[in-house]
Amino acid sequence: MKRLLLKSMILKARITEADLRYVGSITIDEDLIDRADPSESENVNVIDRTNGKRLETYVIKGERGSGVICMNGAAAQLITKGDLVAITAFSWSTGEADPVFIEVDGNNRFVRTLDAGKVMG
């Protein structure tokens, strides 16, 4: 039986931009996409650690090395520039989950990969 399992999480990311004019989505620095493995157009959840709000959207690749994490469209009214967020991606699997957890610094640069037991335990 297939189950929807956590695939990856970007922890402690800071929203660098909020663009109300765009249709929707979250723009993520391509370096972070490579490390955490959400695909462009993939569905992700964004959990705002600043205000407690959560939303579901899809990924757009941002400029590599830019540190960009931009909320686009109506989501930019819920999660705004400067907010601290976690971004989660999920995948369907018949096996067990082996999620990747990456931590970023205040400029959204990769710091380290975390052990799942330390994050979830």
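Here are the numbers for the structure shown:
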read-out	value
Positions within region 106-121 being at pLDDT 95 or above, in a loop (DSSP other than H, G, I, E, B) and open to solvent by 60 Å² or more (accessible area, probe 1.4 Å), in sequence order	107, 109
Cross-chain or 6+ apart pairs with Cβ under 6 Å, region 89-111 first and of a type in the set (D, E, K, R), then at pLDDT below 95 and surrounded by 14 or more Cβ atoms within 10 Å (Cβ to Cβ)	103/114
Test for residue 95: is it modelled with pLDDT under 95, of a type outside the set (A, V, I, L, M), outside any loop (DSSP other than H, G, I, E, B) and open to solvent by 20 Å² or more (accessible area, probe 1.4 Å)	no
Residues (open to solvent by 90 Å² or more (accessible area, probe 1.4 Å) and part of a loop (DSSP other than H, G, I, E, B)) located in region 8-39	20, 21, 22, 23
Positions within region 40-53 being outside any loop (DSSP other than H, G, I, E, B), closer than 14 Å to residue 77 by Cβ and open to solvent by 20 Å² or more (accessible area, probe 1.4 Å), in sequence order	none
Residue pairs meeting the criteria (Cβ under 6 Å; at least 6 apart or on separate chains; first over 14 Å from residue 47 (Cα atoms), in region 68-80; second among the polar types (S, T, N, Q))	68/16; 68/27; 72/25
Qualifying residue in region 77-86 (condition: under 15 Å from residue 10 (Cα atoms), part of a strand (DSSP E or B) and either open to solvent by 70 Å² or more (accessible area, probe 1.4 Å) or not small (Gly, Ala, Ser) (or both))	yes
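The values are calculated or read from the model by the stated rules, or taken from the named source; none is laboratory data. Keep in mind that this is a model prediction, so the values were computed, not measured. So basically every Cβ, Gly included, is an ideal-geometry build from the backbone, and we count neighbours across all protein chains shown. Ligands, DNA and RNA are stripped out before the accessible areas are found, and what is left, the full protein with its side chains, is counted by its heavy atoms. Shrake-Rupley method; radii C 1.70, N 1.55, O 1.52, S 1.80 Å.
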